[in-house]
Each structure stands twice: as structure tokens, then as C-alpha cells.
1. Can you say whether Gln153 is open to solvent by 40 Å² or more (accessible area, probe 1.4 Å), within 30 Å of Trp224 (Cβ to Cβ) and within 16 Å of the chain's Cα centre (by Cα), as far as the supplied structure shows?
2. Yes or no: segment 158-176 includes at least one residue that is open to solvent by 40 Å² or more (accessible area, probe 1.4 Å) and out of contact with any strand residue (DSSP E or B) (no Cβ under 9 Å at 6 or more places or on another chain).
3. Kindly list, by first and then second residue, each pair from a residue in segment 216-234 that is assigned to a loop (DSSP other than H, G, I, E, B) to a residue that is open to solvent by 60 Å² or more (accessible area, probe 1.4 Å) and among the β-branched types (Val, Ile, Thr), limited to pairs with Cβ atoms under 9 Å and residues at least 6 apart or on different chains.
4. Considering only segment 12-24, I want to know if a residue exists there that is at pLDDT 95 or above, open to solvent by less than 60 Å² (accessible area, probe 1.4 Å), closer than 30 Å to Asp115 by Cα and not charged (D, E, K, R).
5. For segment 82-92, does any single residue satisfy the condition of being out of contact with any helix residue (DSSP H, G or I) (no Cβ under 8 Å at 6 or more places or on another chain) and crowded, with 18+ Cβ neighbours inside 10 Å?
6. Between a first residue in segment 58-79 that is basic (Lys, Arg) and crowded, with 19+ Cβ neighbours inside 10 Å and a second residue that is modelled with pLDDT of 95 or more and in a loop (DSSP other than H, G, I, E, B), which pairs have beta carbons less than 8 Å apart while being 6 or more apart in sequence or on different chains?
7. Condition (residue is touching a Lys or Arg at 6+ places or on another chain (Cβ under 6 Å) and not hydrophobic (A, V, I, L, M, F, W, C)) applied to segment 24-47: is it met by at least one residue?
8. If you scan segment 33-57, which residues turn out to be more than 16 Å from the chain's Cα centre (by Cα), open to solvent by 60 Å² or more (accessible area, probe 1.4 Å) and within 21 Å of Val233 (Cβ to Cβ)?
Amino acid sequence: MRVQVLFFGQLKDIVGRSSATADLPDDARVETLFARFASEYPKLRQMAGSIAMARNQEFVTLDEPLAEGDEVAFMPPVSGGSGWIAHTEEPTSFYAITEQPLDPRALVERLQTGDDGAVITFEGVTRNNTKGRSTLHLDYECYAPMALAKMQQIGAELLEKHGIRAIGFVHRVGRLAIQEASVVIVVCSAHRQAAYDASLEAINRLKTLVPIWKKETFADGEVWVEGAWDDAVPRSERL
């Protein structure tokens, strides 16, 4: 059988491409596929404890069976208007990925109603330094279909858990200059405490569950930013 393989972030740099096809035995599992590339690129084997895997846009373990035409993604730890790359909208939620500059007020206007006594807006912005190194810009990339699905999952869980009325996430990809926003989260609620709590949990979960990566370019070099997967995300650590 033949499957499509996707690589993101620093893994793309290691293998020198963003995608590949692989011909496998009919009884192959994700472990079979990963082992094939790890044998060719030893750095992948060294990183096995931090690489997450997805089959057809769902996190899976190494034991997951594969089938003809599957799309398998190998993913390093996540880093934490118009022109949507992907988006979905409901009366109480909005999730999107875009290459355009973010407009927090536009997201508030999509979600806020007269029932809301609190509206919390969080913006994650590009700063000009990291640990004393001067930052020139950031580049973000994502696995768009899966990223959008994970945003929806997180948002639905927060709506139920915190009793908030509405929530929205918009994340930008591509190159960002200093002081530009990479992510905007808006939470609308009748009461402020629920809005605060949901907003904080939203950004914390987004940074460990949504497959988005960033490369930071400094005055003296560049690096893919090391993040961390949520503990519940399976990794290829057995190899």
C-alpha cells in the first residue's frame, strides 16, 4: 500500500522536504513507517521521544494500523479578516488560521452580544528578544486541517467546562515582524471570572495541542522553537 507522509517544523529541515510517499506492506503500522525514515535520518530516531504522530488528522500511537491512501504526519513539539487558510464559524464560536494581520476587535464583534458582562481578549505578540538574543522576526507554519480541528475541540470543551457563552481563536502563520500578533483569543461570558479562567486555559492548551510551529530568526542565526506536547499526546518514544 502507499501512504502520504508529512513533515513539519524542524523535521522538515532534517529530511529536506515537507512531504513524501512511502510504499509499505499491507500489515504496516505507524511504527513501520517511522522506523523507515528514522533509519535514513538518524536525527529522527534521536528525537523519537518528542515527535507526535497523526493519521488522517488525528493523534495516534505507534501501534495504529495503516491503510492505502492514508495521510500520516510526523510533528515536533508545538511552539507555542479575510484570506482565511482555514476557518469555521458557529453562533458561539469562531476558529481560523490566516496569513493576514490579526484584528482583535473584529473577532470581538463577531462574538459579543448584549448578554455578555465580560469580554476577555488575549493577544500573543512577537517580542524583540529571547534570552538576550536580538530577534528579527518569527515564521509560523501549521498543519492547517488538524490545527483547526484541535481549536474546535478545545473551544467546545471550554464552553462546557467554564460555562462561558462564546469563544474564538485566530492564529496567524507566515512571517511576523516585531510587535505583530501571532494569536488572538476572545472569550465572552456573563461573568468575569469564567472569562478569565477560560482565556488562560485556552492559550495554555493551544500551545501544547494545536500543531503550529515557529522559527525564530535572530541577528546571529535562526532556530525552530522547542515547545512541548500535552502529556496525553502519543509520541514515537518506543523507537
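1. Details: open to solvent by 40 Å² or more (accessible area, probe 1.4 Å): yes; within 30 Å of Trp224 (Cβ to Cβ): yes; within 16 Å of the chain's Cα centre (by Cα): yes.
So Gln153 passes the test.
2. Yes: one or more hits.
3. From segment 216-234, the pairs are Pro234/Thr61.
4. Within segment 12-24, not a single residue is at pLDDT 95 or above, open to solvent by less than 60 Å² (accessible area, probe 1.4 Å), closer than 30 Å to Asp115 by Cα and not charged (D, E, K, R).
5. No: segment 82-92 contains no residue that is out of contact with any helix residue (DSSP H, G or I) (no Cβ under 8 Å at 6 or more places or on another chain) and crowded, with 18+ Cβ neighbours inside 10 Å.
6. none
7. Among the residues of segment 24-47, not one is touching a Lys or Arg at 6+ places or on another chain (Cβ under 6 Å) and not hydrophobic (A, V, I, L, M, F, W, C), which makes the answer no.
8. Lys43, Arg45, Gln46
The values are calculated or read from the model by the stated rules, or taken from the named source; none is laboratory data. Quantities reported herein were computed from a predicted structural model and do not represent experimental measurements. Backbone-built Cβ (ideal geometry, glycine too); neighbour counts: all protein chains shown. Only protein heavy atoms, including side chains, enter the accessible area calculation; ligands, DNA and RNA are left aside. Shrake-Rupley method; radii C 1.70, N 1.55, O 1.52, S 1.80 Å.
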